[in-house]
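This report refers to the structure that appears directly beneath it.
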Amino acid sequence: MRALVKNRPGPGLELVEVPRPVIGINDVLIRVRKTGICGTDLHIEAWDPWAARTIHPPLVVGHEFVGEIVEVGANVNDFNPGEIVSGEGHVVCGRCRHCLAGRRHLCANSIGLGVGRDGAFAEYVSLPMNNVWHHWPGIDEDVAAIFDPFGNAVHTALAFPVLGEDVLVSGAGPIGLMATAVVKHAGARFVVVSEPNAFRRELAKQMGATVVVDPRERDLHDVQSELGMVEGFDVALEMSGNPKALRDAISNMAHGGGIAILGIPTDDIAIDVNQIVFKMLTLRGIYGREMYETWYKMTVMVQSGLDIRPAITHRFPFGEHERAFAAARSGQSGKVIMEWQSSD
């Protein structure tokens, strides 16, 4: 089969022939139809310091996908050839305290698809049956292909109650864009998106933002005055990893507010702990998705009218992977999808 592989240390990926995965008795073999490019994939392709520390070539990369089951192991129940599925990209140990308690998203021993084991940028991918999500009828395949990052958005957006609340979203990358639509769908009153990139500010408007702000040009306190907010934001979603964005969020929070932090900074961030204490703020780190409660919530919200498709801006056949990665890296894009198989 053809696959995008990190064959050796250094920048770039190669489209090469590799053996089709051989499944075990608890595994599912999936013919990949569409994949989404993630920031993690960009790190691996560029071979930055994180990738150099983490990745052990050769490796098939990629973890966002939708596909069709073609084969199941002898112990597999409830999955059958021909069904349309995606997969949770964190393969957990199943034996630690959190796994045994049903909190698999907290497993400290998880192995990442396309990071620690061969991934989904290929014509076929294999996963344990406990990592496979069976899509409900009517889910658009482009949306199904990005259920993994969509899950990051939902996990972050719903970390605190947002019904009737005023929400700040810092960073309108693909996950921030989807989170904007989620909190609006979940009943937030005002959704303010702070993003320096003009292209992505326009996308944020399409995703339901009440106001979009270039943080280099406008202070968030001015936005509060414009909207008639009397104290500050009830909930903030920090999606950027930018030190100033986190500090701005803290200084613009209402008493008792909550900040969900998904963005990953490259360096340490100095923050004013006095504001956290005297405002009685809650800061919560977010990683991945809750298995499988988040996947269920995603599906139900899509079926009830949530539309995240405007966040998808580019589509390429997998043979044009260099163009696809360039688009994802350009900043002039939302989510970028590569097509591996026709859905016809």
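The values are calculated or read from the model by the stated rules, or taken from the named source; none is laboratory data. Note that the structure is predicted; figures quoted are calculated from it, not measured. Glycine gets a Cβ as well: all are built from the backbone with ideal geometry, and neighbour counts include every protein chain shown. Calculation scope for accessible area: heavy atoms of the full protein, side chains included, ligands and nucleic acids excluded. Shrake-Rupley method; radii C 1.70, N 1.55, O 1.52, S 1.80 Å.
Filter region 27-55 down to residues that are charged (D, E, K, R) and touching a residue at least 12 places away in the same chain (Cβ under 8 Å) and give me whichever is most open to solvent (accessible area, probe 1.4 Å). Break it down stepwise before answering.
So in region 27-55, the residues charged (D, E, K, R) come out as 27, 31, 33-34, 41, 45, 48, 53.
Narrowing the set further to residues that are touching a residue at least 12 places away in the same chain (Cβ under 8 Å) leaves 27, 31, 33-34, 41, 45.
Working: Asp27: 32, Arg31: 70, Arg33: 32, Lys34: 26, Asp41: 2, Glu45: 45 Å².
Filtering region 27-55 for residues that are charged (D, E, K, R) and touching a residue at least 12 places away in the same chain (Cβ under 8 Å), the one most open to solvent (accessible area, probe 1.4 Å) comes out as Arg31.
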In region 202-235, what count of residues is obtained for those that are in contact with a helix residue (DSSP H, G or I) (Cβ under 8 Å, 6 or more places away or on another chain) and either among the polar types (S, T, N, Q) or open to solvent by 80 Å² or more (accessible area, probe 1.4 Å) (or both)? 2
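In region 172-192, what count of residues is obtained for those that are aliphatic (A, V, I, L, M) and open to solvent by 30 Å² or more (accessible area, probe 1.4 Å)? Please lay out each step first, then the result.
Filtering region 172-192 for residues aliphatic (A, V, I, L, M) gives 172, 175, 177-179, 181-183, 186, 188, 191-192.
If we keep only those that are open to solvent by 30 Å² or more (accessible area, probe 1.4 Å) too, we end up with 175, 186.
Final tally of qualifying residues: 2.
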What is the number of the single condition among (1) touching a helix residue (DSSP H, G or I) at 6+ places or on another chain (Cβ under 8 Å); (2) touching a residue at least 40 places away in the same chain (Cβ under 8 Å); (3) open to solvent by less than 30 Å² (accessible area, probe 1.4 Å) that Pro9 does not meet? (3)
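Being crowded, with 19+ Cβ neighbours inside 10 Å, touching a residue at least 24 places away in the same chain (Cβ under 8 Å), assigned to a loop (DSSP other than H, G, I, E, B) and under 19 Å from the mean Cα position of the chain (by Cα) narrows it down to one of Val115, Val85, so name that one.
Details: Val85 fails: assigned to a loop (DSSP other than H, G, I, E, B).
Every option except Val115 fails the conditions.
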For region 56-82, which residues satisfy the criterion of being surrounded by fewer than 19 Cβ atoms within 10 Å (Cβ to Cβ) and not small (Gly, Ala, Ser)? His56, Pro57, Pro58, Glu68, Val70, Glu71, Asn75, Asn77, Asp78, Phe79, Asn80, Pro81
So, Val154, is that one at pLDDT 95 or above, surrounded by 15 or more Cβ atoms within 10 Å (Cβ to Cβ) and in contact with a strand residue (DSSP E or B) (Cβ under 9 Å, 6 or more places away or on another chain) or not? no
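Considering only region 88-112, state which residues are assigned to a strand (DSSP E or B) and either among the aliphatic types (A, V, I, L, M) or without any contact (Cβ under 8 Å) to a residue 40 or more places away in the chain (or both). I'd like the intermediate steps shown before the answer.
First pass over region 88-112, keeping only residues assigned to a strand (DSSP E or B): 90-91, 111-112.
The answer is Val91, Ile111.
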Here's a check for you: in region 109-140, which residue that is of a type in the set (Gly, Ala, Ser) and at pLDDT 95 or above is farthest from Lys6 (Cα to Cα)? Ser110
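From the list Val22, Val70, Val5, pick out the single residue that is farther than 30 Å from Ile264 by Cα and in a strand (DSSP E or B). Reasoning before the result, please.
On the way: Val22 fails: in a strand (DSSP E or B); Val5 fails: farther than 30 Å from Ile264 by Cα.
Val70 is the lone residue from the list that is farther than 30 Å from Ile264 by Cα and in a strand (DSSP E or B).
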I'm told Phe199 meets every condition in (1) hydrophobic (A, V, I, L, M, F, W, C); (2) touching a residue at least 40 places away in the same chain (Cβ under 8 Å); (3) within 18 Å of Leu163 (Cα to Cα); (4) surrounded by fewer than 19 Cβ atoms within 10 Å (Cβ to Cβ) except one. Can you identify the failing condition by its number? (3)
